[in-house]
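Visitor: I have a structure here, written as structure tokens, and I will follow up with some questions on it.
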Amino acid sequence: MLNNFLFNVEYGTNHVLDINAYDHVLFLIVLTLPYLFKDAKRIFMLVSMFTIGHSISLLLASYNVVRINSNLVEFLIPVTIFIMAVFNVFTAGKTTRKIRTGVLFTTTLFFGLVHGLGFAREFKLFADDTQNKFILLLEFSLGIEIAQIIIVFLVLFLGYITQTVFRFSNRDWIMVVSAIVIGLTIPMLLRSPFLL
């Protein structure tokens, strides 16, 4: 029982931290960039919105309630990252906290739904071997949340170091990293089978 729990949590953690699935990490980076350690509560709420969206998609897909073209999903994932990164570029250094929070919550939930659909086929195969898919999903989602907290902490820490030790302005930090993410996302979009 404990071994299954640990395995499922580790499976969720590895799902996020998998170097071959860096789209999730890129989204978490652009989501976290505008924030500082003092905003930890807000950013962790946003990250939890992703987990909720991801879990809803996996649950619906594992019970065959939802089916969607996988090529479309693989296209929408980098689109969402791209939109968030561009949004960061245009709002860096501006006082748009209230607007930003609403947009971020909606976008984060949407990304979670889309990303969950992208992983649905693999999760469905994994879940078919178990009797209680809901418990499996909770354990898997806990692993996702743990991995996301690790990534968020690293981004906040790097932002702190960059802005205090190297004297980058918050605006420059957001602009530079968002531009790098845009550069990494464009090839993902162009390689999408949906466009071919």
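Visitor: Within segment 131-144, which residues are modelled with pLDDT under 90 and among the β-branched types (Val, Ile, Thr)?
Guide: Within segment 131-144, just Ile135 meets the criteria.
Visitor: Answer yes or no as to whether Leu156 is in a helix (DSSP H, G or I), touching a residue at least 60 places away in the same chain (Cβ under 8 Å) and within 27 Å of Phe44 (Cβ to Cβ). Outline the logic, then answer.
Guide: Values: in a helix (DSSP H, G or I): yes; touching a residue at least 60 places away in the same chain (Cβ under 8 Å): yes; within 27 Å of Phe44 (Cβ to Cβ): yes.
Considered against the rule, which asks whether it is in a helix (DSSP H, G or I), touching a residue at least 60 places away in the same chain (Cβ under 8 Å) and within 27 Å of Phe44 (Cβ to Cβ), Leu156 comes out as yes.
Visitor: Condition (residue is under 29 Å from Pro187 (Cβ atoms) and modelled with pLDDT of 85 or more) applied to segment 123-130: is it met by at least one residue?
Guide: Within segment 123-130, none of the residues are under 29 Å from Pro187 (Cβ atoms) and modelled with pLDDT of 85 or more.
Visitor: Now a separate question. Among the residues of segment 50-75, write down those that are under 12 Å from the mean Cα position of the chain (by Cα) and over 28 Å from Arg191 (Cβ atoms). Break it down stepwise before answering.
Guide: As a first pass, look at segment 50-75 and keep what is under 12 Å from the mean Cα position of the chain (by Cα): 50-54.
Passing the criteria: only Ile52.
Visitor: Quick check: is even one residue across segment 55-70 among the hydrophobic types (A, V, I, L, M, F, W, C), over 23 Å from Asn132 (Cβ atoms) and either surrounded by 20 or more Cβ atoms within 10 Å (Cβ to Cβ) or modelled with pLDDT of 90 or more (or both)?
Guide: no
Visitor: Do we have Glu139 as touching a residue at least 12 places away in the same chain (Cβ under 8 Å), within 15 Å of the chain's Cα centre (by Cα) and part of a helix (DSSP H, G or I) here? I'd like the intermediate steps shown before the answer.
Guide: Numbers: touching a residue at least 12 places away in the same chain (Cβ under 8 Å): yes; within 15 Å of the chain's Cα centre (by Cα): no; part of a helix (DSSP H, G or I): yes.
It is false that Glu139 is touching a residue at least 12 places away in the same chain (Cβ under 8 Å), within 15 Å of the chain's Cα centre (by Cα) and part of a helix (DSSP H, G or I).
Visitor: Still on this structure, please answer the following. Here is a check on your reading of the model: is Ile149 out of contact with any Ser or Thr (no Cβ under 8 Å at 6 or more places or on another chain) and aliphatic (A, V, I, L, M)?
Guide: yes
Visitor: Related question: Residue pairs, Cβ under 8 Å, 6 or more apart or interchain, first in segment 61-75 and over 20 Å from Ala127 (Cα atoms) and in contact (Cβ under 8 Å) with a residue 12 or more places away in the chain, second in a helix (DSSP H, G or I) and of a type in the set (Gly, Ala, Ser). List them.
Guide: Val73/Gly118; Glu74/Gly118
Visitor: Among the residues that make up segment 86-107, is at least one of them modelled with pLDDT of 90 or more, within 16 Å of Phe5 (Cα to Cα) and surrounded by fewer than 18 Cβ atoms within 10 Å (Cβ to Cβ)?
Guide: Taking every residue of segment 86-107 in turn, none turns out to be modelled with pLDDT of 90 or more, within 16 Å of Phe5 (Cα to Cα) and surrounded by fewer than 18 Cβ atoms within 10 Å (Cβ to Cβ).
Visitor: Right, another one. Among the candidates Thr51, Thr108, Thr91, Thr32, single out the residue that is under 30 Å from Thr162 (Cβ atoms), of a type in the set (Ser, Thr, Tyr) and without any contact (Cβ under 8 Å) to a residue 60 or more places away in the chain. Show your work before the answer.
Guide: Working: Thr51 fails: without any contact (Cβ under 8 Å) to a residue 60 or more places away in the chain; Thr108 fails: without any contact (Cβ under 8 Å) to a residue 60 or more places away in the chain; Thr32 fails: without any contact (Cβ under 8 Å) to a residue 60 or more places away in the chain.
From the options Thr51, Thr108, Thr91, Thr32, the qualifying one is Thr91.
Visitor: Going through Thr185, Thr162 one at a time, which residue ends up being more than 17 Å from Ser57 (Cα to Cα), crowded, with 19+ Cβ neighbours inside 10 Å, modelled with pLDDT of 95 or more and among the hydroxyl-bearing types (Ser, Thr, Tyr)?
Guide: Of Thr185, Thr162, the one residue that is more than 17 Å from Ser57 (Cα to Cα), crowded, with 19+ Cβ neighbours inside 10 Å, modelled with pLDDT of 95 or more and among the hydroxyl-bearing types (Ser, Thr, Tyr) is Thr185.
Visitor: Can you name every residue in segment 173-196 that is touching a residue at least 40 places away in the same chain (Cβ under 8 Å) and over 14 Å from Leu31 (Cα atoms)? Give the derivation first.
Guide: Restricting attention to segment 173-196, the residues satisfying the condition of being touching a residue at least 40 places away in the same chain (Cβ under 8 Å) are 173-175, 177-179, 181-182, 184-186, 188-189, 192-195.
Correct list: Leu184, Thr185, Ile186, Met188, Leu189, Ser192, Pro193, Phe194, Leu195.
The values are calculated or read from the model by the stated rules, or taken from the named source; none is laboratory data. From a predicted model like this one, the values you see are computed outputs, not experimental measurements. In this analysis, Cβ positions are derived from the backbone assuming ideal geometry, glycine residues included, and neighbour counts consider all displayed protein chains.
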